[in-house]
Amino acid sequence: MALVLMAYNLAAMARQRGIKRNLTFRPIEPTQANAQALAAIYLPVLKAWDVDSLMRGYEQPAKGVADAMVLDAPSDQAANIEQAEREATRLIGEFTAGLREWVVRAERWHRGKWTDAVKAAIDIDLSMMLTMGDVSETVEAFIARNVALVRNVSDQAQGRIADAVYRGYEQRLPARDVAKNIREAVAMGRDRSLRIAADQNSKLSAALDRKRRDEAGVSLFKYRHSGKVHARPWHKARDGKIYDSATGKQVNPDGTAMKGGDVIEADDRAGMPPWCGCREQAYLPIMAEIGA
C-alpha cells in the first residue's frame, strides 16, 4: 500500500478505542440543495445575453405586421454583442465571489459529514481538529476550474448568439425569428449550467473525500456503486471491492496486494466521470492489523 502524508492516524485512534473489527465509514452523499445553490450562482452570468438588448436596432413590427425585417447594419449588431460581452465579464467576476462563498459553505458541510461518519464509527469527535485550511489546495483548484467552466458557457452562448444575429442579417430573417434563435441559444447555456452545477457538486464532494482520507492516514477505500439504473457496467462491477487510494489497485479485504485484481484509472475514480454518483468509503482493515 502506498504511504500518504497525514495529520492524524485514524486507525491508531480506532485501536485505542478498543475496536477489533474492520471499519467501513459511511459515505458522504452530495445533496441536491447544494447543487441547486451552485446552479443559482452559475445562471446569472447568462443575464448578459439579454434578448432585448441584443435585438436593439432591429426594426420592430408595425401593429398587425408579424414579420418585420432586419434593417440595421452588422456593425450595429456587433456593438450590441460587444456590450453584452463586457457585461458577461463583469458578471463572471461576481460569479467568482459567489462561488468562493458557496465553496466555503460546501466544504463546511462536507467536513461536518466526515466528522459525523467518524463519530458514528469509532465514537471520536474530530470537529476541533479539522479546518478548511487542510483542504485549501483542493478548494482553490475547484474554484479555478469552475471559473473556467462558466466562462466557457458564456463564450458558447456568445458564439451561438452571434451566429443567430448575423444569419438573421444575411438571410433577412424576421426579427421574431432572430429573437427566437437567441432565446434558444441562451436556453442551451442555461441547461448546460444546470448540468455542470450538479456534476461539479458531486466532483467537489469526491475530491474532499479523498483529501480527508489522506489526512487521516486512511489508504484504502471500499467502492460504493451509485445504484443508478443506467450506470456504467464496470462501475457496478466494483461495488463492495477494496482499493488502494493512491494507486487505484484492488486489494484484499485485509489490505494486502491482490494478484490480477481490478485497477481504477485516475480519471475514472468515483465521482470523476460525468454524472458518476459512485462513492469511495474510507476503509480500515483493523482485524488484519491486530493479527499482524
Subject >> Verdict on residue 94 being in a helix (DSSP H, G or I), open to solvent by 20 Å² or more (accessible area, probe 1.4 Å) and over 30 Å from residue 284 (Cβ atoms) >> reply: yes
Original post:
Do the conditions hold for residue 234, that is, is it aromatic (Phe, Trp, Tyr) and part of a loop (DSSP other than H, G, I, E, B)?
Top reply: no
Original post:
Using beta carbons and a limit of 6 Å, which pairs, at least six apart or on different chains, have the first residue in region 204-224 and farther than 12 Å from residue 135 by Cβ and β-branched (Val, Ile, Thr) and the second one in a strand (DSSP E or B) and open to solvent by less than 10 Å² (accessible area, probe 1.4 Å)?
Top reply: 218/282
Original post:
What is the one condition in (1) open to solvent by less than 20 Å² (accessible area, probe 1.4 Å); (2) out of contact with any strand residue (DSSP E or B) (no Cβ under 8 Å at 6 or more places or on another chain); (3) assigned to a helix (DSSP H, G or I) that residue 273 does not satisfy?
Top reply: (3)
Original post:
Which ones in region 237-258 are assigned to a loop (DSSP other than H, G, I, E, B) and surrounded by fewer than 13 Cβ atoms within 10 Å (Cβ to Cβ)?
Top reply: 240, 256
Original post:
Within region 220-236, which residues are open to solvent by 20 Å² or more (accessible area, probe 1.4 Å), at pLDDT 95 or above and in contact with a strand residue (DSSP E or B) (Cβ under 8 Å, 6 or more places away or on another chain)?
Top reply: 222, 224
Original post:
Of everything in region 57-78 that's open to solvent by less than 50 Å² (accessible area, probe 1.4 Å) and farther than 18 Å from residue 177 by Cβ, which residue is modelled with the highest pLDDT?
Top reply: 78
Original post:
Filtering region 46-56 down to residues that are assigned to a loop (DSSP other than H, G, I, E, B) and open to solvent by less than 50 Å² (accessible area, probe 1.4 Å), which residue is modelled with the lowest pLDDT?
Top reply: 55
Original post:
Counting only residues that are farther than 24 Å from residue 39 by Cβ, exposed (fewer than 13 other Cβ atoms within 10 Å of the Cβ) and of a type in the set (A, V, I, L, M), how many does region 97-135 have?
Top reply: 2
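The values are calculated or read from the model by the stated rules, or taken from the named source; none is laboratory data. All of these numbers come straight from a predicted model, not from anything done at the bench. All Cβ positions, glycine included, derive from the backbone under ideal geometry; neighbour counts span all protein chains shown. These area figures cover heavy atoms from the full protein model, side chains too; ligands, DNA and RNA do not enter into them. Shrake-Rupley method; radii C 1.70, N 1.55, O 1.52, S 1.80 Å.
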